[in-house]
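Taking it in order: structure first as structure tokens, then the write-up.
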Amino acid sequence: MKTKNIILYLTALLTLSSCQDMFAPADENNRQEDAMYEESKYAAGLLMYGYSRLPYATSTQTDVATDDAVTNNTNSSFLNMATGTWAADNDPMSQWNSCKDGIQYVNKFLTIVDKVKWAPSAASKQQMFIDRQKGEAYGLRALFYYYLLQAHGGYADDDQLYGVPLLTEPEDGSSDFNQPRALFSDCVKQCFADCDSAMKYLPTDYVDLSVDEIPAKYKELGAESTGYNLVFGSRSKGLMSGKIAEAIKAQVALLAASPAFRDQSGVTSAEAAVLCANVLKRIDGLNGFDKDGSIWYKNHSKLDPSASEMPEILWRADRSKDANQERENFPPTLYGNGRVNPSQNLVDAFPMRSGRPITDPKSGYDPKNPYANRDPRLSDDILYNGVTFRNTLIITGTYPNDKDESLDNINYGNTSTRTGYYMKKLLNEKVSPLQSSLVEQYHIYPRIRYTEMFLAYAEAANDAWGPKADPTGVGFTAYDVIKAIRQRAGLGKDEIGFDLPEGDAYLEECAADQAKMTELIRNERRIELCFENKRFWDLRRWKMPLNETVKGIMIDRNDEGELSYKVIDVEERKYDSSYQWYGPIPKSEVLKWSNLKQNKGWR
């Protein structure tokens, strides 16, 4: 059964409606906690409420608050945040309430899971249900703390690096809610411990096993394949698993080893690299690298529910059949709202097909023909002036297309681009968002991609040991990973696919310089993960400038049909890097609880 269906089914069975319900005395006619021990579906609802708080977005949201994009939606909270309204009492990036609610639910679940009659007539099933759900709860708690650390970890006025209050027991009406923030390093240790507990109880992945393959622990209790597969088999795919918990641990380590946190996090880049490598060993390292991983959203044959899993996706949300992403982001001529407008800043980050940055004198970049011979990922991810998309010529300049239509022109209307670009990545070309001729298609929204884990390994390994060192014997280096990613993209090759005489010479130059390789890895991460809500967190953990002005391109055409290109300022960003690398603790919480220290700079 898929995660979403489980949640919908079990949520309908619950009488709990909020964390406050757990604190308040029950009415005489409402079921008490003891009812959970006898009614397993009622008890499982607590865990499903935890799943309902998963902090993953299923659309592009936060990128419009970075140098990668802007939005034409004037009501966007992320636009307002990026242009000066970000405050401790106005924080669209906050994870405080949702993740703390999730922690409360899983903490409560952990107190009852051993007492519930999951399968009282079969000792093996009873133990398997306990183990699986206990492992899920630990993994979810680690995930919630990871997102809390990412959003709210930071330095207080005493120059100590803090995380959030550490709660491993459920709160109730008699609890002391005035809890101080734990040290960031202690929060990391708790995340690691919870991930380890999850891996202890959960299978690496949910697959059906024959009786001979069942773990001895359950076989000794009399487990048969039907019972084992009911609990740990393929029908449970989508739930927290051992490999997902392992990936979350690696993500926590990368965050902790990043420049913004490493001084007091207790985690080194070498440790983060090892944890990332552990994840990648599961797919045999680079032998498991998906050659189509950067365009999984175009693999329509794998989007259908009957299709097998994609090798690029480590964890994903359920497939959904809709037209939401296209309705929001198709250009106006295709009946979309054009909401996410990629920036010139991001376009400039895509190198030439040779692999050299456009700023490199050897690159051959022509500002009068700026999209020629560029990294193929540019045309995969971004709609720029003059391309054809869904049999429609997209003109983002100041002149109409061949049908005398100007809808897609820059600043033409409230659904037109502000930068001269539209987002293409993640969109399904088979969708028709127009209500009168609506055609919906299946979409997949990754939560964790293997490419992300490869990039995490490359970042940490390069930082720890340099581009080409492999002291742990994992079998690949930071250089090897970036080479594989760039080869997959088609860099160092001509348009036909033949190797250029110099190959990917720029990569080789970076491989001889650790600092240049750091810049390259960060740029590859920017390109590969663009529009996946990663950039905002990356800029902060790298302590890179947040207030880079977002630029666009104004393209005019003269009477002879010649085009001219002018880079323009689109949106001035009003972040303060002196303290906004670290997000705030919600002001309402600081006012309520005297023991909560606020991060520096936030009032």
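The values are calculated or read from the model by the stated rules, or taken from the named source; none is laboratory data. In this text, all values refer to a predicted model and were calculated from it rather than measured experimentally. Virtual Cβ from ideal backbone geometry, glycine too; neighbours counted across all protein chains shown. For accessibility, only protein heavy atoms count, side chains too; no ligands or nucleic acids. Shrake-Rupley method; radii C 1.70, N 1.55, O 1.52, S 1.80 Å.
Below are the figures for this structure:
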{"quantity": "Looking only at the stretch 176-193, and only at residues there that are assigned to a loop (DSSP other than H, G, I, E, B) and in contact (Cβ under 8 Å) with a residue 24 or more places away in the chain, the one that is farthest from Trp593 (Cα to Cα)", "calculated": "Arg181"}
{"quantity": "Output for the stretch 533-582, where each listed residue is over 21 Å from Asn90 (Cβ atoms), open to solvent by 60 Å² or more (accessible area, probe 1.4 Å), of a type in the set (Lys, Arg) and in a loop (DSSP other than H, G, I, E, B)", "calculated": "Lys543"}
{"quantity": "Total residues in the stretch 483-529, condition among the β-branched types (Val, Ile, Thr), in a helix (DSSP H, G or I) and either out of contact with any helix residue (DSSP H, G or I) (no Cβ under 7 Å at 6 or more places or on another chain) or over 17 Å from Leu378 (Cβ atoms) (or both)", "calculated": "2"}
{"quantity": "Unique match (being out of contact with any His (no Cβ under 9 Å at 6 or more places or on another chain) and on the phi > 0 side of the Ramachandran plot) among Asp176, Asp159", "calculated": "Asp159"}
{"quantity": "Single residue of Asp290, Asp263 found to be more than 19 Å from the chain's Cα centre (by Cα), charged (D, E, K, R) and more than 30 Å from Ile395 (Cα to Cα)", "calculated": "Asp263"}
{"quantity": "The stretch 369-397, residues that are assigned to a loop (DSSP other than H, G, I, E, B), surrounded by fewer than 18 Cβ atoms within 10 Å (Cβ to Cβ) and out of contact with any Asp or Glu (no Cβ under 9 Å at 6 or more places or on another chain)", "calculated": "Asn369, Tyr371, Gly386, Val387, Asn391"}
{"quantity": "Which numbered condition Ile248 misses (of (1) among the β-branched types (Val, Ile, Thr); (2) part of a helix (DSSP H, G or I); (3) closer than 20 Å to Trp465 by Cα)", "calculated": "(3)"}
{"quantity": "Looking only at the stretch 487-512, and only at residues there that are free of Cβ contacts under 8 Å to residues at least 24 places away in the same chain and among the acidic types (Asp, Glu), the one that is nearest to Asp292 (Cα to Cα)", "calculated": "Asp499"}
{"quantity": "Restricting the stretch 422-443 to residues that are of a type outside the set (D, E, K, R), open to solvent by 50 Å² or more (accessible area, probe 1.4 Å) and in a loop (DSSP other than H, G, I, E, B), the residue that is farthest from Asp556 (Cα to Cα)", "calculated": "Leu438"}
{"quantity": "Residues within the stretch 201-223 that are touching a residue at least 24 places away in the same chain (Cβ under 8 Å) and within 17 Å of Ser236 (Cα to Cα), tallied", "calculated": "9"}
{"quantity": "Complete set of residues in the stretch 205-234 that are within 20 Å of Ala245 (Cα to Cα) and assigned to a helix (DSSP H, G or I)", "calculated": "Val231, Phe232, Ser234"}
{"quantity": "Matching residues in the stretch 288-307 - criterion: being assigned to a loop (DSSP other than H, G, I, E, B) and of a type outside the set (A, V, I, L, M, F, W, C)", "calculated": "Asp290, Lys291, Asp292, Asn299, Asp304, Pro305, Ser306"}
{"quantity": "Of all residues in the stretch 308-334 being part of a loop (DSSP other than H, G, I, E, B) and in contact with a helix residue (DSSP H, G or I) (Cβ under 6 Å, 6 or more places away or on another chain), the one that is modelled with the highest pLDDT", "calculated": "Glu312"}
{"quantity": "From the options Ser121, Ser94, residue that is among the hydroxyl-bearing types (Ser, Thr, Tyr), at pLDDT below 95 and open to solvent by 30 Å² or more (accessible area, probe 1.4 Å)", "calculated": "Ser121"}
{"quantity": "Test: Thr419 is assigned to a loop (DSSP other than H, G, I, E, B), under 27 Å from the mean Cα position of the chain (by Cα) and crowded, with 22+ Cβ neighbours inside 10 Å", "calculated": "yes"}
{"quantity": "Filter result (over 22 Å from Tyr384 (Cα atoms) and either part of a helix (DSSP H, G or I) or in contact with a Gly (Cβ under 8 Å, 6 or more places away or on another chain) (or both)) within the stretch 57-78", "calculated": "Ser77, Phe78"}
{"quantity": "Top-ranked residue in the stretch 275-294 [being of a type in the set (A, V, I, L, M) and buried (at least 19 other Cβ atoms within 10 Å of the Cβ); ranked as nearest to Cys187 (Cα to Cα)]", "calculated": "Leu275"}
{"quantity": "Evaluation of Pro170 against (1) closer than 15 Å to Asp114 by Cβ; (2) assigned to a helix (DSSP H, G or I) (one fails), failing number", "calculated": "(2)"}
{"quantity": "Candidate set from the stretch 225-237 (those that are buried (at least 16 other Cβ atoms within 10 Å of the Cβ), out of contact with any Asp or Glu (no Cβ under 6 Å at 6 or more places or on another chain) and of a type outside the set (A, V, I, L, M, F, W, C)); member that is farthest from Met128 (Cα to Cα)", "calculated": "Lys237"}
{"quantity": "Only listed residue being within 23 Å of the chain's Cα centre (by Cα) and of a type in the set (S, T, N, Q), chosen from Ser98, Ser124", "calculated": "Ser98"}
{"quantity": "Residue that is open to solvent by less than 30 Å² (accessible area, probe 1.4 Å) and out of contact with any Pro (no Cβ under 8 Å at 6 or more places or on another chain), where the choices are Gln150, Gln160, Gln104, Gln127", "calculated": "Gln150"}
{"quantity": "Matching residues in the stretch 398-416 - criterion: being open to solvent by less than 10 Å² (accessible area, probe 1.4 Å) and of a type in the set (Asp, Glu)", "calculated": "Asp408"}
{"quantity": "Residue among Asn345, Asn337 that alone is surrounded by 17 or more Cβ atoms within 10 Å (Cβ to Cβ), at pLDDT 95 or above and not in a loop (DSSP other than H, G, I, E, B)", "calculated": "Asn345"}
{"quantity": "Residue among Pro446, Pro471 that alone is closer than 30 Å to Leu334 by Cβ, touching a helix residue (DSSP H, G or I) at 6+ places or on another chain (Cβ under 8 Å) and open to solvent by 30 Å² or more (accessible area, probe 1.4 Å)", "calculated": "Pro446"}
{"quantity": "Within the stretch 50-65, tally of residues that are touching a Ser or Thr at 6+ places or on another chain (Cβ under 8 Å) and either open to solvent by 30 Å² or more (accessible area, probe 1.4 Å) or among the polar types (S, T, N, Q) (or both)", "calculated": "3"}
